[in-house]
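Step one of this worksheet: look at the structure below.
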Amino acid sequence: MIETAIAGAISLVIGVSGGVLAINSRSTSRMDQIDKRIDGVELRLAEKYVPRQELANALQKMEDHMIRIESKLDQIALRNN
């Protein structure tokens, strides 16, 4: 829960500062720099708060569940034919 709040707060600060700089800045290169910084922060947040192994485990569980659902649907479809 705290990770979500931290990520949200960082996103909000970056969004507001990006908006203020976009209004006050006339240079597109400045916006490119901001975009790169935001991308870097997003990448670091994703790496830090969603470890790769946890994501792989969650995806495997979901895939296993979907396979069970497909099997049940196949049985129902074969029974009705």
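Some points to look at:
- Residue check for residue 58: assigned to a helix (DSSP H, G or I) and at pLDDT below 75: no
- Leading residue by the ranking (nearest to the chain's Cα centre (by Cα)) among those in the stretch 35-54 that are at pLDDT 80 or above and of a type in the set (A, V, I, L, M, F, W, C): 43
- Some residue of the stretch 63-73 being closer than 30 Å to residue 8 by Cα and either without any contact (Cβ under 8 Å) to a residue 60 or more places away in the chain or of a type in the set (D, E, K, R) (or both): yes
- Selection status of residue 43, in a helix (DSSP H, G or I), within 23 Å of residue 17 (Cα to Cα) and hydrophobic (A, V, I, L, M, F, W, C): yes
For (1) modelled with pLDDT of 85 or more; (2) in contact with a helix residue (DSSP H, G or I) (Cβ under 8 Å, 6 or more places away or on another chain); (3) surrounded by 11 or more Cβ atoms within 10 Å (Cβ to Cβ), each residue gets a yes or a no:
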| residue | (1), (2), (3) |
| --- | --- |
| 14 | no, yes, yes |
| 24 | no, no, no |
| 29 | no, no, no |
| 33 | no, no, yes |
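The values are calculated or read from the model by the stated rules, or taken from the named source; none is laboratory data. It should be emphasised that the depicted structure is a prediction, and the values quoted were computed from it without experimental measurement. A quick note on method: Cβ atoms are made from the backbone with ideal geometry, for glycine too, and the neighbour counts reach across all protein chains shown.
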